[in-house]
1. Nothing charged except the Cβ atoms of Lys and Arg (+1) and of Asp and Glu (-1): what's the magnitude of the dipole of segment 2-131 about its Cα centre? Round to the nearest 20 debye.
2. Specify which labelled value, from (i) 15.2; (ii) 16.3; (iii) 26.0, agrees with Kirkwood radius over Cα pairs in Å derived from the coordinates of the model shown.
3. When the dipole is taken about the Cα centre of segment 27-92, and only Lys, Arg (+1) and Asp, Glu (-1) are charged at their Cβ, what size is it in debye, to the nearest 20?
4. Which of these, Leu79, Leu98, Leu18, has the largest mean-square fluctuation under a Gaussian network model of the chain (Cα springs below 10 Å)?
5. Putting +1 on Lys and Arg Cβ atoms and -1 on Asp and Glu Cβ atoms, find which of Gln122, Leu56, Tyr112 reaches farthest to the positive end of the dipole of segment 2-131.
Amino acid sequence: MYKVTKIITYMATRDIELQNLETGTIDMCFDDSAVVSYTNFDFVKEGEVYDCKMELFGNFVEEKTDSSVEISIIKTNVLIGNTKYMEVMINSDVYYILGKNAKNLDQRKSAYYYFTRIDIIQVDNVIHADCL
């Protein structure tokens with residue numbers, strides 16, 4: 001579960017700061033759900049607690065760098081809506097990476113990943129329209 005600690009609203013998108021209530025990790029997440037659908041995350045309010053799934057937006061890299069993280073691969077074939085994802089962990093935090101970006105990783109337990117953004121793809125039972 002995640003607590004919304006801050007929402008920064010722009011013209012058509014938002015940044016939502018989420019705190020993982022189990023690990024204490026705080027992530028700034030991008031929300032563009034209102035741009036693509038009327039069924040979106042506009043119901044999310046500051047101070048409230050939600051069950052969220054977040055996608056790491058980036059690329060796999062061959063070696064550890066100052067900008068990359070080591071991910072542990074939990075599951076390689078997870079459906080969120082109609083979209084295949086890989087479920088991964090960074091330390092004790094769970095995230096998702098698009099399955100099409102995870103080629104040739106089925107047999108590996110870990111990898112290095114460089115991401116530039118974290119996108120919200122599901123809040124409670126509402127799934128981002130890009131995943132449907």
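A short reminder: the numbers here are calculations on the coordinates, not readings from a lab. Given the structure is predicted, the values throughout are model-derived calculations rather than measurements. Here Cβ is always computed from backbone atoms with ideal geometry, including for glycine, and neighbour counts include all displayed protein chains.
1. Numbers: 13 positive and 21 negative charges, 77 e Å.
Dipole about the Cα centre, nearest 20: 360 debye.
2. Only one option fits the structure, namely (i).
3. Working: 5 positive and 13 negative charges, 63 e Å.
Taking the Cα centre of segment 27-92 as origin, the dipole is about 300 debye.
4. With Cα springs under 10 Å in the chain, the top fluctuation among Leu79, Leu98, Leu18 is at Leu79.
5. Tyr112
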